[in-house]
Amino acid sequence: MVKTKNKVILSAVTLLAAVTLAGCSNGNSSSSSSGTTAQIKLKSSFKNSAATDKNATKNGTLKLAEVADSPFQGISDPVLASNAADSHVFSPGGLNNLFNVDKNYKIIDGGLANQKLDRKAKTATITIRSNGKWSNGDPVTAKDVEYAYEVLGNKESTTSQYSSDFENIEGMAAYHKGTASTISGIEMPDGEKGKKVVIHFKHMSPSMKFSGNSFIWGSAEPYEYIKNVPIAKLASSEQIRKNPIFTGPYKLDKIVTGESTSWVPNKFYYGKKAQIGHITINVVSSNNIVKAIQSKKYDSVVPSASGEVGGTSYKKLKNLKGYTKVGQPALSYSYFAFNLGHFDTKTGKNVADSNKKMANKSLRQAMMYALNVDDVAKKFGNGVAWRGNTLIPPVFTKYYDKSAKGYSLNLKKANKLLDDAGYKKRNGSKWRSDPKGKKLTIYFGGMSGNSITEATYQDYLQQWHKVGLNVKLYGGKPMEMNSFYDLLQKPSQNKIDLWTAAWSLSSEPSQSQLYGETAPFNMGHFVTKKNTELINKMNDSSAWNDKTRTKTFKQWQEYMNDQAGVVPEEFNYVWQPVNNRVKGFDFSPANNELFSDLTLTSSKLK
């Protein structure tokens, strides 16, 4: 299974497939497409019937590409990693995941640990399997499970995964504030070297039954291996950057930071033993991935629940001989976000600033109605990408609101919203000024990619110019991914007013770690009383009633669409080409032994 235990990961993926410099927007007042239906449907597994070549498998190398236009950061720790590339290049090591899941991402027995919830006692008991070990041979212990919460909640930690939901654990709030040195609600009945952890909660949530929820962290930390490194310096330590250890089927053999990782079987893995002698993962730019696959340099891209290759690549590779296509709905979406406030480092909360340039809701709505994402996706998505209509993607079938309209092209409405809000052209200017008559220049940010990505940004700029808004690309060009996110993750920044980016999501749709008041990932700092109420209601006592929880999710989607603080850009369908020499490929959620299952039918790519 392709698991994302983090609630969310920053992604470099821009899911818009393509757009010409002239633009796809035809100037019509509205778009006829609802933009909510994917066209292609593929199986998530490749049923290769060829016989395994045992010699090629044992001594061969599975060659995978990580599609990225920037070097990966090299943070192997799932608690501290914040972008998808790091998660991908370290995935053969299992990302230290504790739990196995079924096809619906519900936690089941059989993984590195089992979980038992007790609603009456308000506890979660995590029991580690007796033969669970790290790749250096050390046993996985109760302290390894507990220490993940210390790293997560420490006020000096560099993690972006913390949110107020974790303060549902007894004593976590005091630990996070620094007024307590331990987390009182996490108990190790058999001691630190035991195999059992009991977590005491203030209240229980139905989301706890599923992986990636925002209350129970899903991975372990190698305490004995990293205990002498201050938590504040952990992300830059040799233990994390150069010589990390893992609990999965493969162990790290070599890392060239930013460029590649290579792997060999982990003899201490508790589960099905890895069968391929070596795995290599190399960073390949989005400009070069099609040619790299066509020339058969790689067996595939790194299996990902969010998607590595887009619509234009699908068109060019779908009929490539020697490869089979696999796919499934994506745990990801791209989005637009507005800079609406700042993060207060003293209180640990996002704060809305009413004086921000983009604080006017009518301005935000108008900018979204000015775009024609439908036509762009329809023309160039090739069935892989389509306009998003809410902030809950359709992979979450129970909670996704397919009836939501979202923002399709409507220039007439965009102009009226701006006029009514006082954004008018004055003194013969071609650009609108703000309601106070002051010059208005809006800076738009986006990550660098291929020529198609950059042309997409130009189309957006042209559309905003059509409604009289002077929108410019910040810095005059797209930004390198790491620099882009470094800027957005500052507690306060006034350089970028609006941007587009993407989330690689967890398998549980709660929103606290994305858009909650205390979420570091809430980089636009969208905060309202109602938003907080709705996000909290997703996991309060009322959420045990499934109809009530579903209703809350749909209310939240409607509210967020109206507020336009964050607006969906595109949903996508995950697909990837797999060389026909690969056997056992299945990245469906219920396959908990993805890398262990893989074998090769020949020493050379087909």
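The values are calculated or read from the model by the stated rules, or taken from the named source; none is laboratory data. The shown structure was predicted, so the numbers you read here are calculated from the model rather than taken from an experiment. We place every Cβ from the backbone using ideal geometry, glycine too, and count neighbours over all the protein chains shown. Heavy atoms of the whole protein, side chains included, go into the accessibility calculation; ligands, DNA and RNA do not. Shrake-Rupley method; radii C 1.70, N 1.55, O 1.52, S 1.80 Å.
For the stretch 263-279, indicate whether the set of residues that are among the hydroxyl-bearing types (Ser, Thr, Tyr), closer than 29 Å to Asp597 by Cβ, in contact (Cβ under 8 Å) with a residue 24 or more places away in the chain and not in a loop (DSSP other than H, G, I, E, B) is non-empty.
no
As an exercise: evaluate Ser492 against (1) part of a helix (DSSP H, G or I); (2) open to solvent by 10 Å² or more (accessible area, probe 1.4 Å); (3) in contact (Cβ under 8 Å) with a residue 24 or more places away in the chain and give the number of the one condition it does not meet.
Checking Ser492 against (1) part of a helix (DSSP H, G or I); (2) open to solvent by 10 Å² or more (accessible area, probe 1.4 Å); (3) in contact (Cβ under 8 Å) with a residue 24 or more places away in the chain, the one that fails is (1).
Looking at Asn382, Asn360, Asn319, Asn389, can you tell me which residue is under 16 Å from Tyr573 (Cα atoms), open to solvent by 30 Å² or more (accessible area, probe 1.4 Å) and of a type in the set (S, T, N, Q)? Write out each step before concluding.
Values: Asn360 fails: under 16 Å from Tyr573 (Cα atoms); Asn319 fails: under 16 Å from Tyr573 (Cα atoms); Asn389 fails: open to solvent by 30 Å² or more (accessible area, probe 1.4 Å).
After applying the criteria, what remains is Asn382.
To keep it simple, each residue is scored yes or no on (1) in a strand (DSSP E or B); (2) touching a residue at least 40 places away in the same chain (Cβ under 8 Å); (3) not β-branched (Val, Ile, Thr).
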site	(1), (2), (3)
His88	no, yes, yes
Gly137	no, yes, yes
Ala173	no, no, yes
Thr182	no, no, no
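Answer yes if at least one residue in the stretch 417-435 is outside any strand (DSSP E or B), open to solvent by 10 Å² or more (accessible area, probe 1.4 Å), among the small types (Gly, Ala, Ser) and touching a Pro at 6+ places or on another chain (Cβ under 8 Å), and no otherwise.
Yes, the stretch 417-435 contains a residue that is outside any strand (DSSP E or B), open to solvent by 10 Å² or more (accessible area, probe 1.4 Å), among the small types (Gly, Ala, Ser) and touching a Pro at 6+ places or on another chain (Cβ under 8 Å).
When you check Pro206 against the structure, is it surrounded by fewer than 24 Cβ atoms within 10 Å (Cβ to Cβ) and over 21 Å from the mean Cα position of the chain (by Cα), yes or no? Break it down into steps so the answer makes sense when it comes.
Numbers: surrounded by fewer than 24 Cβ atoms within 10 Å (Cβ to Cβ): yes; over 21 Å from the mean Cα position of the chain (by Cα): yes.
Yes, satisfied.
Considering only residues that are among the acidic types (Asp, Glu) and open to solvent by 20 Å² or more (accessible area, probe 1.4 Å), look in the stretch 85-111 and name the one that is nearest to the chain's Cα centre (by Cα).
Among them, the one singled out is Asp102.
Mind telling me which of the residues Lys193, Lys251 ends up being at pLDDT 95 or above, open to solvent by 20 Å² or more (accessible area, probe 1.4 Å) and either small (Gly, Ala, Ser) or over 29 Å from Pro589 (Cα atoms) (or both)? So that I can check it myself, show each step before the final result.
Values: Lys251 fails: either small (Gly, Ala, Ser) or over 29 Å from Pro589 (Cα atoms) (or both).
Only one candidate passes the filter, namely Lys193.
What are the residues in the stretch 112-124 that are of a type outside the set (Ser, Thr, Tyr), open to solvent by 10 Å² or more (accessible area, probe 1.4 Å) and assigned to a strand (DSSP E or B), if any?
Residues of the stretch 112-124 that are of a type outside the set (Ser, Thr, Tyr), as a first pass: 112-122, 124.
Next, only the ones that are open to solvent by 10 Å² or more (accessible area, probe 1.4 Å) stay: 114-122.
Those that are of a type outside the set (Ser, Thr, Tyr), open to solvent by 10 Å² or more (accessible area, probe 1.4 Å) and assigned to a strand (DSSP E or B): Asn114, Gln115, Lys116, Leu117, Asp118.
In the stretch 293-314, what count of residues is obtained for those that are under 24 Å from Phe90 (Cβ atoms) and either open to solvent by 10 Å² or more (accessible area, probe 1.4 Å) or in a loop (DSSP other than H, G, I, E, B) (or both)? Write out each step before concluding.
Filtering the stretch 293-314 for residues under 24 Å from Phe90 (Cβ atoms) gives 293, 297-310, 313.
Checking the rest, the ones that are also either open to solvent by 10 Å² or more (accessible area, probe 1.4 Å) or in a loop (DSSP other than H, G, I, E, B) (or both) come to 297-299, 302-310, 313.
Number of matching residues: 13.
Would you check which residues across the stretch 436-455 are assigned to a helix (DSSP H, G or I), open to solvent by less than 30 Å² (accessible area, probe 1.4 Å) and either under 18 Å from Ser70 (Cα atoms) or touching a Gly at 6+ places or on another chain (Cβ under 8 Å) (or both) and list them?
Step one: of the stretch 436-455, the residues assigned to a helix (DSSP H, G or I) are 451-455.
Filter once more, keeping what is open to solvent by less than 30 Å² (accessible area, probe 1.4 Å): 453, 455.
Across the stretch 436-455, the qualifying residue is only Thr453.
For Phe521, only one of the following conditions fails: (1) of a type in the set (A, V, I, L, M, F, W, C); (2) in a loop (DSSP other than H, G, I, E, B); (3) over 19 Å from the mean Cα position of the chain (by Cα). What is its number?
All conditions pass for Phe521, except number (3).
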